[in-house]
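Q: The structure that follows is given in the form of structure tokens.
A short reminder: the numbers here are calculations on the coordinates, not readings from a lab. Here the structure is a predicted model, which means the values were calculated and not measured. Virtual Cβ from ideal backbone geometry, glycine too; neighbours counted across all protein chains shown.
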Amino acid sequence: MKSVIVGTAGHIDHGKTTLVRALTGVDADRLPEEKRRGITIDLGFAELDLGDVRVGFVDVPGHERFVKNMLAGAHGLDLVALVIAADEGVMPQTREHFDICRLLGVSSGLVVLTKSDSVDEELLELVRLEASELVAGSFLEGAPAVAVSARTGRGIDELKEALRASAHAAPARSSDAVARLPVDRSFTVRGFGAVATGTLVAGEISEGDELELLPGGARVRVRGLQVHGAPVKRAGAGQRTAVNLGGVDAAGVGRGMVLAPVGRLQPTQILDAWVDVLADAPRGLRTRQRVRVHHGTAEVLARVAALEESGEIAPGSKGLAQLRLESPVVALPGDRFIVRTYSPQRTVAGGVVVDAHAQKHRGRERAAARASLAALEGADAAARLAFFVESAGERGLPPASAAARTGWRDDVLASAVAESMRRGAVVEAEGVLAASAALSNLVRAAVGEVEAHHRREPLSRGLARETLRERVFSRAAPELFRAALKAAEAGGQLVSERDLVRAAGHSLDLSPEDAALRERLEAVYRDAGLEAPALEEAFARAGGATPRREHLRKLLQLLLDSGALVRVKEDLLFHRDALAGLTAALRSYAGARAADRLIDVAAFKELSGVSRKYAIPLLEYFDRERVTRRAGDRRLIL
């Protein structure tokens, strides 16, 4: 059975609630104050079973003071019933409600002329013509216009048939998105606990599901479900749904919150969007203007940043803007919203979200942002995903962020990723998505930095990986750092050697003078044996003048890199031949004492002929090299 959501719209006292009661037998005015004052203040709900179609009615208040309540119920509608009283005709809230429905992208509906028994046929025909003029050129042009009387029952059966036909003709909801239920009401039921209600705008919710209450992030469990007042095991998109929640009190649930699968959606405060300003708006939307944004069931304050060259979207025109919200909302691309002035409150515009997790566009960035966003009109899923990945830049787009920015189911997201990779727009680095251009830029920057290092330090074997990461990849995801190095190595541009990165063509071709100086420096340590000189003394013996001290250090590093010298402790260096000889002496000492392979410091000093100054660092070095192992105050020779 097909389920649709029908919202009433129209001026106060035009009979919206009475019409719903005539169709369903349910009085949608549930608050005592509504019954006392005889007007609808908040949202009301009722159901109508037409056999092959089930209609969920959202009855909205018509008074201008309660437009924000009307807006909380206007999201997620499949159809609108534009209610016009035959004895009054089109009134201010008729026009505002109709504008809101147009701006929210409602694409189907019908016109209902109520109180038809209170006027003659001539006046009824005039009201019908007035309604026709109002909806001309809109989604309601040519829609059924049914005259009814809730008092006499005239036209009610005809209206039900028109509702059935409109419901069957209404487009099906997309099945690409994960479950999302904007909460429009919450309360406590004795014996059951917290209950949240709303229109399930996408996906499915099943009994036992674990959900997240956003934007706060509280985790809740679905203890029970009702659709159209009847218990169900599963609710689907387009159904009015009541969810009995475990793990939260009713006080922790409120209008404007959203129920969604755990970890799939993320709150946001910056939206890039197409905005359509009403022709009768008193002025356009301008940069830095403070406005009220109604999205889903939430109302938040925001600042406008018009992305158009003029810095304004004029009345009657459409343009791109960034909305910087003062409170977080849960939004996705394709979501509709309404913009009202801050004070006095008046509906002036509506729009559709293009990027729900945008970055701030400043100054010259706005022209590029405008071009990129405009190019997304009519784009397929792969192109939209590529845009989100590109906008993430060096940070890349982790799987959780890709899911949150699109709201797509796993299989839809995987298909879009595969297609965008096939087109060459996106690459994957250890699960993180990156724009191909962004990764190429990182590779070029890394190669350039390493080559610049070689020019600055010709005697250096390479640039430390960590230094390269800090200089070039400080804002990049670690996965992109590793992917860029792999790409540069695969392209024959860079070579990674343990903690160093060097250019593939880099070689240490020393001048004859430097080669001779390196030989003299090595000879100093070779001749010193186990009486290793301090660095300053080694430099002096090698004949290095003070101005060349740093140059000598670089030559010394070359000797360390080649293994000719071994760093035992800080600036304490030994020639490898001296250490090899001492290792052999230790093994001989152990061989002569097969029953006791232990040696203490005094015996080691006697064996090596060195003072305690060298003995302790040498023993610690042999421990690290697993030549010896400490055993109390002595060492076991392995």
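Q: Where does each of 318, 605, 233 land when they are ranked from fewest to most other beta-carbon atoms within 10 angstrom?
A: Working: 318 13, 605 17, 233 9.
Sorted ascending by nearby Cβ count, the order is 233, 318, 605.
Q: What trypsin sites (Lys or Arg not before Pro) in region 234-283 are in a loop by DSSP, with at most 10 other Cβ atoms within 10 Å of the Cβ?
A: Working: sites: 234, 240, 255, 264, 283; in loops: 255, 264, 283.
Those that pass, being in a loop and sparsely packed, number zero.
Q: Another one. Please give the direction-averaged projected area of the C-alpha convex hull for the chain, in square nanometres with one decimal.
A: Projected over every direction and averaged, the Cα hull of the chain covers 42.2 nm².
Q: Could you compute the FRET efficiency for residue 174 and residue 286, with r as their C-beta to C-beta distance and R0 at 25 Å, rounded to 0.05? Please report the intermediate quantities before stating the final value.
A: Values: r = 34 Å, r/R0 = 1.36.
So the FRET efficiency works out to roughly 0.15.
Q: What distance in nm lies between label points placed 7 Å from Cα along the C-beta direction at residue 519 and residue 125?
A: So the two model labels end up 11.8 nm from each other.
Q: Can you tell me what share of the DSSP beta bridges in the chain is antiparallel? A percent to the nearest 5 is fine.
A: 85
Q: With unit charges on the beta carbon (Lys/Arg positive, Asp/Glu negative), name the residue among 391, 378, 281 whose Cα is farthest towards the positive pole of the charge dipole of region 250-403.
A: Most positive-ward Cα: 281.
Q: Further question on the same structure: Taking the Cβ of each residue in 569, 16 as the centre, tally the other Cβ atoms inside 10 Å and list the residues starting with the fewest.
A: Neighbour counts put them in this order, fewest first: 569, 16.
Q: Using only Cα atoms and rounding to the nearest 10 degrees, what angle (0 to 90) does helix 410-422 make with the longest principal axis of the chain?
A: 60
Q: Angle check, please: helix 436-456 long axis (alpha carbons) against the longest principal axis of the chain (alpha carbons), in degrees 0 to 90, nearest 10.
A: Long axis of 436-456 versus the principal axis of the chain: about 30 degrees.
Q: If we sort 303-314, 206-217 on the protection proxy, mean other Cβ atoms within 10 Å, highest first, what's the order? Numbers along the way, then the final one.
A: Numbers: 303-314: 18.8, 206-217: 16.6.
Ranked from most to least packed, the peptides come out as 303-314, 206-217.
Q: Among the lysines, which fall within straight-line cross-link reach of residue 16, defined as a Cα-Cα distance under 24 Å, with same-chain neighbours fewer than 8 residues apart omitted?
A: Cross-link targets: 2, 35, 68, 115, 160.
Q: Order of 83-89, 341-347 by packing, highest average Cβ count within 10 Å first?
A: Descending mean neighbour count gives 83-89, 341-347.
Q: Now, a different point. Ranking 272, 120 by Cβ neighbours within 10 Å, fewest first, what do you get? Show your work: numbers first, answer last.
A: Numbers: 272 25, 120 9.
The fewest-first ordering by Cβ neighbours comes to 120, 272.
Q: Rounded to the nearest 500, what is the 222 nm mean residue ellipticity of the chain from helices alone, with -39500 (n - 2.57) per DSSP H run of 4+ residues and division by all residues? Present the calculation step by step, with values, prior to reporting the outcome.
A: On the way: 19 runs with 226 residues, N = 638.
Computed mean residue ellipticity for the chain: -11000 deg cm²/dmol.
Q: Follow-up. Using a simple charge model, +1 on the beta-carbon of Lys and Arg, -1 on the beta-carbon of Asp and Glu, nothing else, what dipole does the chain show about its Cα centre, in debye to the nearest 20? Mind showing how you got there, number by number?
A: Working: 87 positive and 85 negative charges, 491 e Å.
Here the chain has a charge dipole of around 2360 debye.
Q: Next question, about the same structure. Nearest 10 degrees, 0 to 90: what angle lies between the long axis of helix 549-562 and the longest principal axis of the chain (Cα atoms)?
A: For helix 549-562, the angle is close to 90 degrees.
Q: Write out the trypsin sites (Lys or Arg not before Pro) in region 349-428 meeting two conditions: DSSP loop, and at most 15 other Cβ atoms within 10 Å of their Cβ.
A: On the way: sites: 360, 362, 364, 366, 370, 384, 395, 405, 409, 422, 423; in loops: 360, 362, 364, 409, 423.
Loop-located and lightly packed - 360, 362, 364, 423.
Q: So, by mean Cβ neighbours within 10 angstrom, what's the order for 166-172, 519-525, 244-250 with the highest one leading? All intermediate terms of the calculation are to be shown ahead of the outcome.
A: Working: 166-172: 14.6, 519-525: 18.4, 244-250: 16.9.
Descending packing order for the listed peptides: 519-525, 244-250, 166-172.
Q: Quick check on region 222-355: what are the equivalent-ellipsoid semi-axes from the Cα gyration tensor, as sqrt(5λ), descending, whole Å? Walk me through the numbers on the way to the answer.
A: Values: eigenvalues 228, 42, 37 Å².
Equivalent ellipsoid semi-axes, largest first: 34, 15, 14 Å.
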